[in-house]
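Okay, so here's the structure we're looking at.
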Amino acid sequence: MLMFMKIFADEKSKRACEFLAREACAAGGRAYCVGGCVRDALLGVEPKDVDVEIYGLEAEKIERILSKKFRFEIVGKSFGVWILKGLDIDVSMPRTERKTGIGHKAFEIVGDPFLTPKEACARRDFTINAILYDILSGDIIDEFGGMGDLKNKILRHTSERFSEDPLRVLRAMQFAARFNLDVAPETVELCSKIEMENLPEERIFEEWKKLILKGVEISRGLFFLRDCGWVKYFRELADMVDCPQDPRWHPEGDVYVHTAHCMDSFAKKRVGDDREDLIVGLAVLCHDMGKPKCTTIGDDGTIHSYGHDIIGGKVARKFLEHLTREKSIVEEVVPLVERHMAVLDLWRSNAGDGAIRRLAGKVKRIDRLVRLDDADRNGRPPIEPEDSPQGLWIMQRAEALAIKDSAPKPILLGRHLIELGLAPSVKFKEILNAAYEAQLDGAFFDVEHAVKYAKDNLL
């Protein structure tokens with residue numbers, strides 16, 4: 001099992017886990033690597049952290065072992081989790097969970113060192129996360145067929161206890177996308193019977209972030225969400241299902257299908273900056289949310305969605321405000337949705353510098369808009385992906401104007417107005433806004449001419 005050497009991110013983690021395994025064995029217990037680190041190792045992905053589960057030893061004995069070599073923090077005294085400081089290693093006892101009420105947190109969790117691996121793994125969400133690796137022997141314990149499911153690219157729930165935690169439905173969404181897995185029909189069926197209950201907003205958003213930032217084939221996750229019925233909990237997305245598009249330009253199908261393929265296109269070109277990828281990914285997800293509200297079918301059968309970009313901004317805002325409390329995210333995504341047609345429109349009209357400056361002022365970063373345009377253009381299978389001449393054109397123009405990744409900074413400031421003898425007032429904002437608009441139009445390029453412009457035209 002040489003491949004399992006990849007289960008440890010570095011030699012320090014490997015030595016630490018081997019020490020734990022030897023000490024646990026000497027004390028009458030057994031230590032296993034569990035969960036995501038084993039799954040990732042099987043997939044050939046180097047895990048970032050390691051979870052170690054120690055069987056057969058009470059909490060006091062585990063702490064005595066840890067105290068010999070490690071500094072640690074205890075999380076959850078009743079169920080025993082020890083976070084090793086300076087190492088990406090969590091140590092725990094096997095534990096049981098019992099649903100005690102409604103909601104994601106309504107569980108009683110109790111550590112039980114004498115559970116069997118099968119009993120302990122039954123509480124895990126998916127078979128691919130219920131595989132144990134014996135640190136000393138290198139043996140695999142796979143009570144639920146997770147290795148076979150990995151080989152066959154199947155995502156399957158471990159047991160009926162899956163339904164106790166509704167967040168697992170969203171975990172299925174992002175796992176299917178991250179690892180290119182088909183969700184087993186029985187798991188889709190089970191998920192369709194689970195109600196969202198009162199899941200915390202921040203936990204929901206975390207699963208969406210994982211989908212956007214880590215998904216390889218994001219469409220798998222979105223199609224699962226549709227197929228199990230959970231898209232109904234995200235009304236703005238649900239409205240896109242069965243919303244028609246002109247097959248001449250969109251042979252792929254309805255707006256939801258188009259969006260799913262756009263997300264796949266986006267995933268292929270993530271830049272590796274989580275913030276930038278999140279903003280652009282959310283913009284791609286939301287860019288056509290206006291279509292269900294303005295799509296019409298003419299007498300000749302022609303389908304139009306005039307104004308869907310502007311309307312889409314309002315719909316996207318509603319969707320995002322339900323998804324996250326991070327206002328800065330909402331304010332950065334919505335302008336991209338409202339202007340996602342601008343790259344093509346400006347290219348077709350060979351727009352001047354003023355129009356490009358004004359666009360940068362609205363969306364903050366033109367490079368984000370170009371990435372959105374590219375994903376939109378290439379989310380139309382069977383139409384083959386193609387380069388975007390409009391994207392290249394506007395990026396060259398924006399780079400020449402030094403505004404490809406930032407809005408033009410205002411030249412005329414409040415202090416300049418004060419120097420002109422104006423007292424601070426509500427009128428300041430009006431004057432500065434008007435000056436900024438003139439600046440975008442190319443009326444001036446430095447402070448001297450900005451002040452002159454203000455004196456001649458605004459005061």
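For the range 303-325, what are the residues that are part of a helix (DSSP H, G or I), within 18 Å of K209 (Cβ to Cβ) and of a type in the set (D, E, K, R)?
Residues of the range 303-325 part of a helix (DSSP H, G or I): 308-323.
This time we only want the ones that are within 18 Å of K209 (Cβ to Cβ), so: 316, 319-323.
Scanning the range 303-325 gives a single hit, E321.
Among the residues of the range 323-338, is there at least one that is of a type outside the set (F, W, Y), in contact with a strand residue (DSSP E or B) (Cβ under 7 Å, 6 or more places away or on another chain) and surrounded by fewer than 21 Cβ atoms within 10 Å (Cβ to Cβ)? Walk me through how you get there before you give the answer.
Applying the first criterion (of a type outside the set (F, W, Y)) to the range 323-338 yields 323-338.
Checking the rest, the ones that are also in contact with a strand residue (DSSP E or B) (Cβ under 7 Å, 6 or more places away or on another chain) come to none.
So far as the range 323-338 goes, no, none of its residues is of a type outside the set (F, W, Y), in contact with a strand residue (DSSP E or B) (Cβ under 7 Å, 6 or more places away or on another chain) and surrounded by fewer than 21 Cβ atoms within 10 Å (Cβ to Cβ).
Looking for whichever is in the same structural domain as R368 (by TED's automatic domain parsing), assigned to a loop (DSSP other than H, G, I, E, B), closer than 21 Å to D246 by Cβ and modelled with pLDDT under 95 here; the options are D300, D288. Which one fits?
Numbers: D288 fails: modelled with pLDDT under 95.
On inspection, the qualifying residue turns out to be D300.
For the range 170-272, which fully contained helices (runs of 4 or more DSSP H) count at least 2 residues that are over 29 Å from D367 (Cβ atoms) and charged (D, E, K, R)?
Values: elements: 185-192, 201-214, 218-227, 235-238, 255-268.
Correct list: 185-192, 201-214, 218-227.
Can you go through D300, D309 and tell me which one is surrounded by fewer than 18 Cβ atoms within 10 Å (Cβ to Cβ), over 23 Å from R203 (Cβ atoms) and not aliphatic (A, V, I, L, M)? Even if it seems obvious, please write down each step before you answer.
Details: D309 fails: surrounded by fewer than 18 Cβ atoms within 10 Å (Cβ to Cβ).
So the residue among D300, D309 that is surrounded by fewer than 18 Cβ atoms within 10 Å (Cβ to Cβ), over 23 Å from R203 (Cβ atoms) and not aliphatic (A, V, I, L, M) is D300.
In this structure, does I356 turn out to be under 28 Å from A438 (Cβ atoms) and either out of contact with any strand residue (DSSP E or B) (no Cβ under 6 Å at 6 or more places or on another chain) or in contact (Cβ under 8 Å) with a residue 60 or more places away in the chain (or both)? Steps first, please.
On the way: under 28 Å from A438 (Cβ atoms): yes; either out of contact with any strand residue (DSSP E or B) (no Cβ under 6 Å at 6 or more places or on another chain) or in contact (Cβ under 8 Å) with a residue 60 or more places away in the chain (or both): yes.
Judged against the criteria, I356 is a match.
What's the number of the only condition in (1) assigned to a helix (DSSP H, G or I); (2) over 31 Å from the mean Cα position of the chain (by Cα) that D374 fails to meet?
If we test D374 against (1) assigned to a helix (DSSP H, G or I); (2) over 31 Å from the mean Cα position of the chain (by Cα), just (2) comes out false.
Does the range 326-344 hold any residues that are among the hydrophobic types (A, V, I, L, M, F, W, C), outside any loop (DSSP other than H, G, I, E, B) and more than 16 Å from the chain's Cα centre (by Cα), and which are they? Lay out the reasoning, then the answer.
Of the range 326-344, the ones among the hydrophobic types (A, V, I, L, M, F, W, C) are 329-330, 333-334, 336-337, 341-344.
Of the ones still in play, those that are also outside any loop (DSSP other than H, G, I, E, B) are 329-330, 333-334, 336-337, 342-344.
Correct list: V334, L336, V337, A342, V343, L344.
Looking at (1) modelled with pLDDT of 90 or more; (2) surrounded by fewer than 21 Cβ atoms within 10 Å (Cβ to Cβ); (3) among the charged types (D, E, K, R), find the lone condition where D373 falls short.
For D373, the exception is condition (2).
Search the range 409-450 for residues being of a type in the set (S, T, N, Q) and not in a loop (DSSP other than H, G, I, E, B), and hand back the single one that is surrounded by the fewest Cβ atoms within 10 Å (Cβ to Cβ).
If we take residues in the range 409-450 being of a type in the set (S, T, N, Q) and not in a loop (DSSP other than H, G, I, E, B), then N433 is surrounded by the fewest Cβ atoms within 10 Å (Cβ to Cβ).
Considering every residue within the range 206-223, establish whether at least one is of a type in the set (A, V, I, L, M), surrounded by fewer than 18 Cβ atoms within 10 Å (Cβ to Cβ) and over 20 Å from C262 (Cα atoms).
Scanning the range 206-223, I find no residue that is of a type in the set (A, V, I, L, M), surrounded by fewer than 18 Cβ atoms within 10 Å (Cβ to Cβ) and over 20 Å from C262 (Cα atoms), so the answer is no.
Per-residue answers, yes or no, for (1) in a strand (DSSP E or B); (2) without any contact (Cβ under 8 Å) to a residue 40 or more places away in the chain; (3) on the phi > 0 side of the Ramachandran plot:
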site	(1), (2), (3)
A24	no, no, no
Y32	yes, no, no
D40	no, yes, no
V45	no, yes, no
K48	no, no, no
I54	yes, no, no
K61	no, yes, no
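Hey, can you tell me all the residues within the range 386-400 that are surrounded by fewer than 16 Cβ atoms within 10 Å (Cβ to Cβ) and in a loop (DSSP other than H, G, I, E, B)? Give the steps one after another, and end with the answer.
Of the residues in the range 386-400, the ones surrounded by fewer than 16 Cβ atoms within 10 Å (Cβ to Cβ) are 386-387, 389, 392, 396, 399-400.
Hits for the range 386-400 are E386, D387.
I need a count of the residues in the range 79-98 that are outside any strand (DSSP E or B) and modelled with pLDDT of 85 or more. Write out each step before concluding.
Let us first name the residues in the range 79-98 that are outside any strand (DSSP E or B), namely 79-80, 85-88, 93-94.
Checking which are modelled with pLDDT of 85 or more leaves us with 85-88, 93-94.
Here the count works out to 6.
Considering only the range 99-107, I want to know if a residue exists there that is modelled with pLDDT of 95 or more, on the phi < 0 side of the Ramachandran plot and surrounded by 14 or more Cβ atoms within 10 Å (Cβ to Cβ). Give the steps one after another, and end with the answer.
Step one: list which residues in the range 99-107 are modelled with pLDDT of 95 or more, which gives none.
No.
Considering the range 114-139 alone, what residues qualify as being within 24 Å of A16 (Cα to Cα), outside any loop (DSSP other than H, G, I, E, B) and not small (G, A, S)?
Hits for the range 114-139 are P117, C121, N129, L132, Y133, D134.
Which residue, of E189, E202, E236, is more than 21 Å from R317 (Cβ to Cβ) and not assigned by TED's automatic domain parsing to the domain that holds D277? If you could, list the steps in order and put the result at the bottom.
On the way: E202 fails: more than 21 Å from R317 (Cβ to Cβ); E236 fails: more than 21 Å from R317 (Cβ to Cβ).
Testing whether each residue is more than 21 Å from R317 (Cβ to Cβ) and not assigned by TED's automatic domain parsing to the domain that holds D277 leaves just E189.
Taking interchain pairs and intrachain pairs at least six residues apart, which have beta carbon atoms under 6 angstrom, with the first residue in the range 316-332 and touching a residue at least 24 places away in the same chain (Cβ under 8 Å) and the second surrounded by 13 or more Cβ atoms within 10 Å (Cβ to Cβ) and of a type in the set (D, E, K, R)?
Once the first residue is touching a residue at least 24 places away in the same chain (Cβ under 8 Å) and sits in the range 316-332, its partners that are surrounded by 13 or more Cβ atoms within 10 Å (Cβ to Cβ) and of a type in the set (D, E, K, R) give F319/E236.
Is there a residue in the range 272-282 that is of a type outside the set (S, T, N, Q), surrounded by fewer than 19 Cβ atoms within 10 Å (Cβ to Cβ) and closer than 28 Å to K153 by Cβ? Can you show your working first?
Within the range 272-282, the first condition is being of a type outside the set (S, T, N, Q), and the residues that meet it are 272-282.
Going one step further and asking which of them are surrounded by fewer than 19 Cβ atoms within 10 Å (Cβ to Cβ), we end up with 272-276.
From the residues that got through so far, the ones that are closer than 28 Å to K153 by Cβ too are 272, 274.
Taking every residue of the range 272-282 in turn, at least one turns out to be of a type outside the set (S, T, N, Q), surrounded by fewer than 19 Cβ atoms within 10 Å (Cβ to Cβ) and closer than 28 Å to K153 by Cβ.
Mind listing just one residue for me: the one in the range 128-165 that is β-branched (V, I, T) and over 23 Å from the mean Cα position of the chain (by Cα) and, of those, surrounded by the most Cβ atoms within 10 Å (Cβ to Cβ)?
Taking the candidates together, the pick is I131.
So I418 ticks every box in (1) aliphatic (A, V, I, L, M); (2) touching a Leu at 6+ places or on another chain (Cβ under 9 Å); (3) in the same structural domain as Y453 (by TED's automatic domain parsing) but one. Which box is left unticked?
(2)
The values are calculated or read from the model by the stated rules, or taken from the named source; none is laboratory data. Just so we're clear, the structure is a prediction, and the values are computed from it rather than from any experiment. Cβ atoms come from the backbone with ideal geometry, glycine included; neighbour counts cover every protein chain shown.
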